[in-house]
Amino acid sequence: MPVLKPTRAERAITDVSVRELQDAGISCVLFDRDNTVVPRDTKAAPPEVTAWLDEARGAGIKLCMVSNNFHTNEVEASAAELGVRVVHHAMKPAPFAVRRALGLVGAKPAEAVLIGDQVFTDVVAGNLAGVRTILVDPQSTTDLWYTHIFRVFERLIAGRK
């Protein structure tokens, strides 16, 4: 099941070392919105996430949010707040939005990573698009009803808590 396996796992996006990304040849970070940079039970990214994105941007890393969220105004407001490009209505696990995000920022799959909190959307979409993937723990226990169901299967296949 390699398509379900992330390149690596971390507790949070803020635990991903920007220096390590650079050393691994990463010049583009694509990331999910809900429960990856914005807790599902809030409308704004925590200050530590904003600081991490600022550090990545300062290191010359291109950034783009790739979100399945259909609330266009909320997603665009988050992207504007964070100062990043955005692809919403992504329909992950299909890889098309990941490829579109790469095109928006002018990056190749080999130099990109997708960071997200869900195996069946973020990891699969990134793997199918040929980018490295980092699975992070969700920032909040609040989720959509169907996401709770997916999390059960994630625990079974990925050893998640």
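Only one of Pro95, Pro2, Pro6 is in contact with a helix residue (DSSP H, G or I) (Cβ under 8 Å, 6 or more places away or on another chain), modelled with pLDDT under 95, open to solvent by less than 60 Å² (accessible area, probe 1.4 Å) and closer than 22 Å to Leu128 by Cβ; which? Working first, answer last.
Numbers: Pro95 fails: modelled with pLDDT under 95; Pro2 fails: open to solvent by less than 60 Å² (accessible area, probe 1.4 Å).
Going through Pro95, Pro2, Pro6 in turn, the sole match is Pro6.
Could you tell me whether Ala101 is in contact with a strand residue (DSSP E or B) (Cβ under 8 Å, 6 or more places away or on another chain), of a type in the set (A, V, I, L, M, F, W, C) and open to solvent by 10 Å² or more (accessible area, probe 1.4 Å)? Break it down into steps so the answer makes sense when it comes.
Values: in contact with a strand residue (DSSP E or B) (Cβ under 8 Å, 6 or more places away or on another chain): yes; of a type in the set (A, V, I, L, M, F, W, C): yes; open to solvent by 10 Å² or more (accessible area, probe 1.4 Å): no.
Spelling it out, it is not the case that Ala101 is in contact with a strand residue (DSSP E or B) (Cβ under 8 Å, 6 or more places away or on another chain), of a type in the set (A, V, I, L, M, F, W, C) and open to solvent by 10 Å² or more (accessible area, probe 1.4 Å).
Can you go through Val87, Val75, Val66, Val38 and tell me which one is crowded, with 20+ Cβ neighbours inside 10 Å and in contact (Cβ under 8 Å) with a residue 60 or more places away in the chain?
Values: Val87 fails: in contact (Cβ under 8 Å) with a residue 60 or more places away in the chain; Val75 fails: in contact (Cβ under 8 Å) with a residue 60 or more places away in the chain; Val66 fails: in contact (Cβ under 8 Å) with a residue 60 or more places away in the chain.
It is Val38.
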Note on the range 125-161: residues β-branched (Val, Ile, Thr), modelled with pLDDT of 85 or more and over 15 Å from Ala9 (Cβ atoms) are Val131
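Does Val29 satisfy the condition of being under 22 Å from Met91 (Cα atoms), of a type in the set (A, V, I, L, M), in contact with a Lys or Arg (Cβ under 8 Å, 6 or more places away or on another chain) and in contact (Cβ under 8 Å) with a residue 12 or more places away in the chain? Spell out how you get there, then give the answer.
Details: under 22 Å from Met91 (Cα atoms): yes; of a type in the set (A, V, I, L, M): yes; in contact with a Lys or Arg (Cβ under 8 Å, 6 or more places away or on another chain): yes; in contact (Cβ under 8 Å) with a residue 12 or more places away in the chain: yes.
It is true that Val29 is under 22 Å from Met91 (Cα atoms), of a type in the set (A, V, I, L, M), in contact with a Lys or Arg (Cβ under 8 Å, 6 or more places away or on another chain) and in contact (Cβ under 8 Å) with a residue 12 or more places away in the chain.
The values are calculated or read from the model by the stated rules, or taken from the named source; none is laboratory data. A quick note: this is a predicted structure, and the numbers were derived from the prediction, not measured. With ideal geometry, Cβ positions are generated from the backbone for all residues, glycine too; neighbour counts draw on all protein chains shown. Surface accessibility is based on the protein's heavy atoms, side chains included, excluding ligands, DNA and RNA. Shrake-Rupley method; radii C 1.70, N 1.55, O 1.52, S 1.80 Å.
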